[in-house]
Amino acid sequence: MNDKQICESLIGFVKEIAADAEVTAVISETGDKTINVMAGNPQFFENSTIKKVVLTVMINQQVGGAFSEDLSTEALRTLATETVAMALAAPANKDAIIATDGEYMTDATARAETLDLFDTTTNLDVAKMQEMAITMENAALAVAGVTKCSTSRVAFKFSHTTIVTSAGFEVSTSDTCYMAVVSVIAGDGDTQTEHYSYDSKRHLADLEDMAAIGKKAGEGAVAKQGAVQIPSGNMPVVFDHTIAPQLLTMFAEAINGMAVAKGETFLKDSIFQPVFAEGITIVDDPTIPRGLGSTPCDKQGVESEPLTLVSDGILQSWLLGLASAKRLGLTSNGRSGGTTNLHMQAGNTSRDELIAGIEYGVLITDMLGHSSTLSTGDFSRGASGFLIENGKVTTPVDEITIAGNLKDMFLNMLAANDLKMDGDVNAPTVKVASMAVAGS
Amino acid sequence: MSSPNDILAEQFAPLVAIATNGADDGNLFIEKVLAEDVTISDGQVVPSYSISEGFGLDRVVNQFQVCAYSSIITPEQVRLAATELAAASPGNKTIALPPSGGGGLEFYSPTSPLGKFDLPTRIKLVQDIDAYIRGKDNRVQQVQVSLKGSMQNVIVVRADGYVVTDCRPMVALTIDVTMAASVRAVYSGRETYDNIFANWQNTADEALRKADVIMQAAPCPAGEMAVILGAGDSGVLWHEAVGHGVEADIVRSGSMFAGKIGERVAAEGVYLYDDGTVSTARGSLNTDDEGTPSQKTLLIEDGILVNYMKDRLHGRFYGGGSTGNSRRQSYRHRPIVRMTNTYMANGDSTTADIITDTKHGIYAVSYGGGQVNPMTGKFVFQVTEGYMVRNGQICEPVKGATLIGSSSDAIQYIDLIGNDFAWGPGGTCGKEGQGAPVTFGMPAIRLPKGITVGGTDTSGGQ
């Protein structure tokens, strides 16, 4: 049986027990090869193949969910029986919903193929992966001042996913992902500084040169040497383009439709209001060929189209799946799984100009922790980076915390023009007019 | 008559021998996990159930670890993986296995939590807790209650036919309450649901208490001040900021504790342990995931670093053998060095003495999250429950506080250690993308300097 037939037989088993059940069956097969190198020697190599089935059963408004890695016919029958029993025991859930004919995409599989997410041209073996990781490590070690690499890793993943629902939706997608990451240490003992660089692409040919990734990480670690602590105060804070995407991710959480419906986000009353500074535009585009977040539709089957979330500072849309859309009296925009390829558009000023206007402030290149409170927008993170003095980036700084409120930070943000479309969340370097910086 | 272990040994040991031919080490790890969960969020109930099963086959030559994982457990699949592994890392070593036996430990009952309380009973419990919390305080905006139970059955098969098994139950009640901000209270352990059904009010009341404290909290002033870490929850700082740095694999990649065995790393009076043998604790194991029996390991003795946590690979690399700290999230993750239950032992002060002796500082009680760079020891923790201390008195609660510093530096400054040891509720530790259940604990301690307090109030007011 192929995956689609397994899904169909599973739906059949459920229907035999509960004829009026609405069913979603998902089969995924994932493969993952990873090699890690240390000091020129392979440290570990992993090769995995996992296949599992996820079943969701909805009877009236009652829902049960289960998954199994045992795909034998006997196990699938048991899974169907157990999941129906769960749904029948559960109280009604107002978020229980399945895409009906007309709501779901009918050509999702064909559309997925046009996104070019599966690299059929390459098959990486251990030897080749090891060679790539060693090249990356050597390039990092060649940077003067670098002591060692703590990690030099290359990974290759593939996945095949098939979704079938009892309402008639079906999609089969395949994708690949190549990843390289290197973490480099400069200095010794208590003066150690660490920096990492990585790249991740759907096609091996698009992956950044291994030596370039290694060199970048090495230079980053060395640049952090000799960090000082600074006195506490309020000052302008610049977020490097490598770290600014984290702010966008927090924004995406704050406009998640379910968080809005539950009143859990500080932006819940902000639709069509200014939420960012004028000039800032934020777009989520699932149609980018080879994009890490590209998809024809969400897991519910609703088409995901390009969406302008913020236009010239004004909030234009929530991220909606069927359940959150129903709660809010709106229509799903195929974002039940959140954003796809999210980016903030480039501004008009160069990064240097943006920094040149700052008499005293900090440029943040690393943030630790993940502390922000969605309901209030309160933001507080451990951070490190560089001091900005008289418009110039000067000494590295360490062990500071930066704090503020996301609402104010977004409204007082200026974007530079150094946007690079690299991962699934991208932003240019941004400046926030004033934040509380705590140092020594 | 053959026991189930004899049958497994007969079926798989010859395949493990192929996988470990010419290697230093290796074994077959077979796992089956049954898990169930009932969650109520925003009043909506979702039950779920899962069956996860597969094998991980590992081969180690020198320090090169080669692993194959599959969700299909058949001799054919294992044989295929064994052949691939041997080809990927040729070697001419002779495997040296420790003597068989030493197992048979039982730090928790092998009884599965699944089955005793049926789904309607578990649904009713999360609904009752939801109603209890909403009924008790009308400022409550959101409640999420999750009741999880699982049974992990683990089998380790060695090339010499020795088979080790461990049946690991786990239950967890997690309650999130949102008033001004979201707070969490957890009860968890390697046991059945009985204690949760009997005592869930304690966990619910604790969540309500924490939420109430935040409602009254003022913005935390920023700057350098004395930091008092409260007993229990603060153990997360030892786990994150020190524990990871003495995991032998992190040491080998050059952590700040590398090469410091026998040296002073912390103030006098500091004793740090990792102990996988604590009865029914979340982090306990009868045997680790390489089949090594659990043990209690002294890491820091009176401020001197005396040992690392090791798996078998690092037991060979650093000498002294495994400390029983090899763990994997599941069959599809490689075994790495992990903590179990990590704690700092009692000193001779009391929390009251420590507070009385402090002129200006913060008393940190519980934490919303933290992160540490295990290589450099730089850490940051978000304090979800904390109080200002002035002139020997606990004053107003503060919000938005973060603790930031460098652990190798900070733990030298500890000047007072309480005698009020407590365990925190424990959690799931993340490392290399793998989650592992752990707990941590400590008495109250004071650091007069060495930790920066970050907050939203930089006015400099006292």
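Tallying residues that are outside any loop (DSSP other than H, G, I, E, B), under 19 Å from the mean Cα position of the chain (by Cα) and surrounded by fewer than 17 Cβ atoms within 10 Å (Cβ to Cβ) within region A:300-325 yields 1.
Table: residues versus (1) of a type in the set (Asp, Glu); (2) without any contact (Cβ under 8 Å) to a residue 40 or more places away in the chain; (3) over 24 Å from B:Val183 (Cα atoms); (4) assigned by TED's automatic domain parsing to the domain that holds B:Val177.
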residue: B:Asn346; (1), (2), (3), (4): no, no, yes, no
residue: B:Ser366; (1), (2), (3), (4): no, no, no, no
residue: B:Gln371; (1), (2), (3), (4): no, no, no, no
residue: B:Val398; (1), (2), (3), (4): no, no, no, no
residue: B:Ser408; (1), (2), (3), (4): no, no, yes, no
residue: B:Asp415; (1), (2), (3), (4): yes, no, yes, no
residue: B:Pro443; (1), (2), (3), (4): no, no, no, no
residue: B:Gly450; (1), (2), (3), (4): no, no, yes, no
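Among the residues of region B:283-318, what is the count of those that are in a strand (DSSP E or B), crowded, with 21+ Cβ neighbours inside 10 Å and not hydroxyl-bearing (Ser, Thr, Tyr)? Please lay out each step first, then the result.
Residues of region B:283-318 in a strand (DSSP E or B): B:287, B:293, B:296-301, B:304-305, B:309.
Now restrict to residues that are crowded, with 21+ Cβ neighbours inside 10 Å: B:287, B:297, B:299-300, B:305, B:309.
Adding the requirement that they be not hydroxyl-bearing (Ser, Thr, Tyr) leaves B:299-300, B:305, B:309.
The number of residues fulfilling the criteria is 4.
The set of residues in region B:257-273 that are touching a strand residue (DSSP E or B) at 6+ places or on another chain (Cβ under 9 Å), within 18 Å of B:His244 (Cβ to Cβ) and part of a loop (DSSP other than H, G, I, E, B) comprises B:Phe257, B:Lys260, B:Ile261, B:Val265, B:Ala266, B:Val270. Hey, any hits in region B:307-316 for a residue that's touching a Leu at 6+ places or on another chain (Cβ under 7 Å), of a type in the set (S, T, N, Q), modelled with pLDDT of 95 or more and within 28 Å of A:Ile185 (Cβ to Cβ)? There is at least one residue in region B:307-316 that is touching a Leu at 6+ places or on another chain (Cβ under 7 Å), of a type in the set (S, T, N, Q), modelled with pLDDT of 95 or more and within 28 Å of A:Ile185 (Cβ to Cβ). For region A:1-53, the tally of residues that are outside any strand (DSSP E or B) and touching a Cys at 6+ places or on another chain (Cβ under 6 Å) stands at 0.
With the structure loaded, tell me whether A:Thr56 is at pLDDT below 95 and assigned to a strand (DSSP E or B) or whether it fails that test. Don't jump to the end; show me each part of the working.
Numbers: at pLDDT below 95: no; assigned to a strand (DSSP E or B): yes.
It is false that A:Thr56 is at pLDDT below 95 and assigned to a strand (DSSP E or B).
The numbered conditions (1) closer than 30 Å to A:Asp206 by Cα; (2) more than 22 Å from the chain's Cα centre (by Cα) are all true for A:Glu389 except (1). Within region B:261-273, the set of residues being without any contact (Cβ under 8 Å) to a residue 60 or more places away in the chain and either outside the structural domain of B:Lys449 (by TED's automatic domain parsing) or touching a helix residue (DSSP H, G or I) at 6+ places or on another chain (Cβ under 9 Å) (or both) comprises B:Ile261 only. For region A:82-109, residues that are of a type outside the set (Asp, Glu) and within 11 Å of chain B (Cβ to nearest Cβ) total 12. Among the criteria (1) buried (at least 22 other Cβ atoms within 10 Å of the Cβ); (2) modelled with pLDDT under 95; (3) touching a strand residue (DSSP E or B) at 6+ places or on another chain (Cβ under 7 Å), the one A:Gly347 does not fulfil is (2).
Quick check on region A:57-74: of everything there that is more than 7 Å from chain B (Cβ to nearest Cβ) and touching a strand residue (DSSP E or B) at 6+ places or on another chain (Cβ under 8 Å), which residue is surrounded by the most Cβ atoms within 10 Å (Cβ to Cβ)?
From region A:57-74, those more than 7 Å from chain B (Cβ to nearest Cβ) are A:57-62, A:71-74; that's our starting set.
Those still in the list that are touching a strand residue (DSSP E or B) at 6+ places or on another chain (Cβ under 8 Å) too: A:57-59, A:71.
Numbers: A:Val57: 31, A:Met58: 22, A:Ile59: 22, A:Leu71: 19.
Ranking the qualifying residues of region A:57-74, first place goes to A:Val57.
Scanning region A:85-103 for residues that are surrounded by 23 or more Cβ atoms within 10 Å (Cβ to Cβ) and either aromatic (Phe, Trp, Tyr) or not in a loop (DSSP other than H, G, I, E, B) (or both) returns A:Met86, A:Ala87.
Among the residues of region A:350-371, the ones that are at pLDDT below 90 and farther than 30 Å from A:Ile288 by Cα come to 3 in all.
Looking for something assigned by TED's automatic domain parsing to the domain that holds B:Val163, within 18 Å of B:Gly26 (Cα to Cα) and among the small types (Gly, Ala, Ser) - is there at least one such residue anywhere in region B:98-120?
Taking region B:98-120 and keeping what is assigned by TED's automatic domain parsing to the domain that holds B:Val163, we get B:98-120.
Those still in the list that are within 18 Å of B:Gly26 (Cα to Cα) too: B:98-101.
Of the ones still in play, those that are also among the small types (Gly, Ala, Ser) are B:100-101.
Yes - at least one qualifying residue is present in region B:98-120.
For region B:285-310, a residue qualifies if it is touching a helix residue (DSSP H, G or I) at 6+ places or on another chain (Cβ under 7 Å) and acidic (Asp, Glu), and exactly one does: B:Glu290.
Can you find even one residue in region A:410-426 that is more than 12 Å from chain B (Cβ to nearest Cβ) and closer than 25 Å to B:Phe381 by Cα? Yes; the residues of region A:410-426 include at least one that is more than 12 Å from chain B (Cβ to nearest Cβ) and closer than 25 Å to B:Phe381 by Cα.
Where in region A:186-292 are there helices (runs of 4 or more DSSP H), lying wholly inside it, with at least 1 residues that are outside the structural domain of A:Gln316 (by TED's automatic domain parsing)? Lay out the reasoning, then the answer.
Details: elements: A:210-223, A:244-254, A:257-261.
Fully inside region A:186-292 and qualifying: A:210-223.
Conditions (1) assigned to a loop (DSSP other than H, G, I, E, B); (2) within 10 Å of another protein chain (Cβ to nearest Cβ); (3) touching a Gly at 6+ places or on another chain (Cβ under 8 Å), marked per residue:
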{"position": "B:Asn5", "(1), (2), (3)": "no, no, no"}
{"position": "B:Phe29", "(1), (2), (3)": "no, no, yes"}
{"position": "B:Lys32", "(1), (2), (3)": "no, yes, no"}
{"position": "B:Thr39", "(1), (2), (3)": "no, no, no"}
{"position": "B:Tyr49", "(1), (2), (3)": "no, yes, yes"}
{"position": "B:Gln65", "(1), (2), (3)": "no, yes, no"}
{"position": "B:Val78", "(1), (2), (3)": "no, no, no"}
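The values are calculated or read from the model by the stated rules, or taken from the named source; none is laboratory data. Worth saying up front: this structure is predicted, and the values here are computed from it rather than measured. Backbone-built Cβ (ideal geometry, glycine too); neighbour counts: all protein chains shown.
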